[in-house]
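Reading through the structure tokens given below for one structure.
What follows draws every value from the coordinates through simple rules; no lab data is involved. None of these values were measured; they are calculated from a predicted model. Cβ coordinates were reconstructed from backbone atoms using ideal geometry, including for glycine residues, and neighbour counts include every protein chain displayed.
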């Protein structure tokens with residue numbers, strides 16, 4: 001019998017290492033493609049999670065949380081999946097943001113559990129101009145008679161960068177070389193230098209200095225669960241009284257999103273009505289189904305998700321200095337933002353490898369494509385006529401599906417345990433609902449004839465009924481099922497813009513972004529950069545860290561004429 005152990009062993013290891021993890025002080029640095037944006041822009045992110053004790057990358061936490069704050073509170077968030085201390089993602093600034101300066105910072109739940117944790121050191125200040133509105137942050141904008149000077153960012157480390165000039169709507173190559181004796185990990189941004197200076201803020205060298213000057217830790221919150229495998233999703237029972245909460249104690253709660261079943265987790269509810277789902281990180285924004293199994297019909301309650309963001313104090317923000325001579329440059333930025341929203345295509349992005357755990361192995365899947373067989377009007381006839389791995393049994397007067405599972409010796413048998421039945425990746429806990437479902441809506445049936453462990457729960461096989469639309473058409477769920485918007489980890493992407501064609505009105509401000517570049521000692525690499533349709537000067541900016549935790553900064557200029 002094949003067992004896929006999801007998070008149970010990882011949780012055990014995490015709990016055993018909490019005492020040691022209390023000495024691990026994680027800090028997260030975020031690099032962005034620019035420091036000056038217009039409302040509505042995408043902000044491209046690259047993350048480094050460091051062990052403050054050694055100054056090197058920390059491979060412990062697997063999720064970083066990003067918050068963007070105005071002077072009055074949190075305005076945008078993102079999650080970044082970490083692998084070996086590195087991660088990438090993006091967030092989109094709301095088009096309603098007033099003109100002003102904003103604070104961007106990140107943390108892990110383990111790092112933020114330190115007593116007196118301050119997210120401001122090493123954070124970034126982003127200047128945001130709203131080109132569609134005259135609204136400004138309260139007391140946060142200062143009109144100045146002359147354009148302010150950009151803060152100096154000196155080069156550091158042994159990374160060098162060379163760029164050749166090019167014409168509009170052309171291409172050029174950027175050559176990067178590691179002249180040092182250690183591997184460097186860095187991000188690379190090529191952005192338009194239109195004379196609007198970046199605000200004063202931390203860069204990677206400031207972050208490294210801050211890490212080295214941290215005072216001794218005063219203590220840690222022992223109740224924080226380290227996110228060793230991925231985000232720990234928290235849910236609580238609502239809509240009932242204390243007696244109702246006691247009634248659902250030890251019942252199983254499910255969270256899932258439509259798809260292949262990979263975003264499926266189940267845990268038991270504790271005595272206070274809480275459930276913790278230990279995930280390996282869920283990617284993307286999607287609909288999340290929340291359900292409690294075997295709920296008494298008289299107990300009208302449901303699950304709701306608890307926000308993982310701590311909404312930490314962002315400290316005092318400097319005023320944005322606004323110069324009247326930036327009008328034309330801001331018009332161009334606003335035009336570029338709107339064109340990207342209307343004309344952007346997936347070909348402008350390059351997907352980077354993401355760390356994922358497959359719950360169900362397709363190699364062990366038995367698939368029945370229903371169009372290859374005689375179509376029947378009743379679901380039960382499918383199992384009787386041509387799917388020998390499934391049978392129907394009655395338990396307490398109700399029909400249940402049961403799966404023919406395999407053992408280590410290659411034998412097949414029906415176990416008495418509960419089989420997990422899915423429709424487009426969503427659990428169907430009452431199998432009678434599936435028997436009443438229209439089989440003409442189903443494209444294929446995937447059967448996994450093994451024993452599976454999800455959290456602390458075991459199942460005698462899994463079957464997933466996949467519809468043509470993949471959206472559970474015509475399925476009716478119980479009243480306690482809730483469908484909520486879930487913000488998953490941002491997909492790691494590089495903005496390489498290789499798909500830009502002649503039919504694209506190209507006013508990009510960031511013309512190249514790669515968040516996860518690595519160079520070994522003495523190694524060189526080159527990247528191709530597609531130039532936009534307009535002329536101007538562009539800054540080629542690389543920043544990151546060496547293997548020993550030393551700051552790496554390299555920059556040069558590129559002319560498009």
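Provide the gained length on full extension for the span residue 380 to residue 456, in nm with one decimal, where the gain is 0.36 nm per separating residue minus the Cα-Cα distance.
Details: separation 76, 0.36 × 76 = 27.36 nm, distance 3.06 nm.
Extra length available between residue 380 and residue 456 comes to 24.3 nm.
Full-extension gain between residue 485 and residue 356, please, as 0.36 nm times their residue separation minus the C-alpha to C-alpha distance. Present the calculation step by step, with values, prior to reporting the outcome.
Values: separation 129, 0.36 × 129 = 46.44 nm, distance 2.12 nm.
My answer for the length gained is 44.3 nm.
Measuring from centroid to centroid over Cα atoms, what is the spacing of the stretch 473-510 and the stretch 142-190 in Å?
The distance from the Cα centre of the stretch 473-510 to that of the stretch 142-190 comes to 29 Å.
Rank-order 137-145, 477-485 by packing density, defined as the average count of other C-beta atoms within 10 Å over each peptide's residues, highest first. Mind showing how you got there, number by number?
On the way: 137-145: 12.8, 477-485: 15.2.
Packing proxy ranking, top to bottom: 477-485, 137-145.
Using a basic spin-label model with each label point 7 Å from the Cα along Cα→Cβ, how many nm lie between residue 173 and residue 321?
4.1 nm
Count the DSSP beta bridges whose two residues both fall in the chain, then state the antiparallel fraction as a percent rounded to the nearest 5.
Working: 127 of 143 bridges.
Of the beta bridges lying entirely in the chain, close to 90 percent run antiparallel.
So for each of 211-220, 542-551 I average, over its residues, the number of other beta carbons within 10 Å; can you give me the resulting order with the highest mean first?
Going by the mean number of other Cβ atoms within 10 Å, highest first, we get 542-551, 211-220.
What Kirkwood Rh does the stretch 423-491 have if only Cα atoms enter the pairwise 1/r average? Answer in Å. Kindly include the intermediate steps, with their values, before the conclusion.
Details: mean 1/r = 0.0715 Å⁻¹.
Averaging 1/r across every pair of different Cα atoms and inverting gives 14.0 Å.
Could you work out the Rg to Rh ratio of the stretch 362-479, with Rh taken as the Kirkwood radius (inverse of the mean 1/r over all Cα pairs)?
On the way: Rg = 13.8 Å, Rh = 14.7 Å.
Result: Rg/Rh = 0.94.
Can you compute the equivalent ellipsoid semi-axes for the chain, i.e. the square root of 5 times each eigenvalue of the Cα gyration tensor, sorted largest first and rounded to whole Å?
Numbers: eigenvalues 450, 147, 113 Å².
Rounded to whole Å, the semi-axes are 47, 27, 24.
Taking the Cα-to-Cβ direction at residue 120 and at residue 535 and moving 7 Å from each Cα, how far apart do the two end points lie in nm?
Computed distance between label sites residue 120 and residue 535 equals 4.5 nm.
Taking the Cβ of each residue in 496, 347 as the centre, tally the other Cβ atoms inside 10 Å and list the residues starting with the fewest.
Least to most surrounded, the residues fall as 347, 496.
At a Förster distance of 25 Å, what's the computed FRET efficiency of residue 132 paired with residue 194, Cβ-Cβ distance as r, to 0.05? Don't jump to the answer; show the numbers that get you there.
Numbers: r = 18 Å, r/R0 = 0.74.
That pair, residue 132 with residue 194, gives E of 0.85.
For the chain, what is the calculated [θ] at 222 nm in deg cm²/dmol (nearest 500), taking -39500 (n - 2.57) for each run of four or more DSSP H residues and dividing by its residue count? Working shown, then result.
Details: 8 runs with 62 residues, N = 561.
Result for the chain: -3000 deg cm²/dmol, rounded to the nearest 500.
Which FRET efficiency, nearest 0.05, do residue 56 and residue 396 yield, Cβ-Cβ r, R0 56 Å?
Numbers: r = 57 Å, r/R0 = 1.02.
Computed FRET efficiency for residue 56 and residue 396: 0.45.
Zone of residue 498 (label point 7 Å along Cα→Cβ, backbone N under 15 Å): which residues in the stretch 322-358?
346-353
Just grab the label-to-label distance for residue 95 and residue 147, each label 7 Å out from Cα along the Cβ direction, in nm (one decimal).
Reported label-point gap for residue 95 and residue 147 is 2.8 nm.
What ranking, highest mean first, results for peptides 198-206, 62-70 when packing means the other Cβ atoms within 10 Å averaged over each residue? Can you show the working numbers first?
Details: 198-206: 18.7, 62-70: 23.7.
Per-residue mean Cβ counts within 10 Å order the peptides as 62-70, 198-206.
Give me 160, 526, 490 sorted ascending by neighbouring Cβ count inside 10 Å, so fewest comes first. Can you show the working numbers first?
Numbers: 160 16, 526 11, 490 21.
Listing 160, 526, 490 from fewest to most nearby Cβ atoms yields 526, 160, 490.
What is the angle, in °, between the Cα long axis of helix 327-343 and the longest principal axis of the Cα atoms in the chain? Nearest 10 is fine, range 0 to 90.
Here the helix axis deviates by roughly 20 degrees.
Specify whether the C-alpha gyration tensor of the stretch 439-558 places it in the rounded, prolate or oblate class, a ≥ b ≥ c being the square roots of the eigenvalues: rounded for a/c under 1.5, otherwise prolate if a/b is larger than b/c and oblate if not.
On the way: a/c = 3.10, a/b = 1.91, b/c = 1.62.
Because a/c hits 1.5 or more and a/b exceeds b/c, the stretch 439-558 counts as prolate.
If neighbour count is taken as other Cβ atoms inside 10 Å, put 186, 309 in order from fewest to most.
Numbers: 186 28, 309 14.
With the sparsest Cβ surroundings first, the list reads 309, 186.
If you average the alpha carbon positions of the stretch 347-372 and of the stretch 532-561, how far apart do those two centres end up, in angstrom?
37 Å
For the stretch 133-210, what number results from the quotient of the Cα radius of gyration and 2.2 N^0.38 Å?
Relative to the 2.2 N^0.38 Å estimate, the stretch 133-210 comes out at 1.53.
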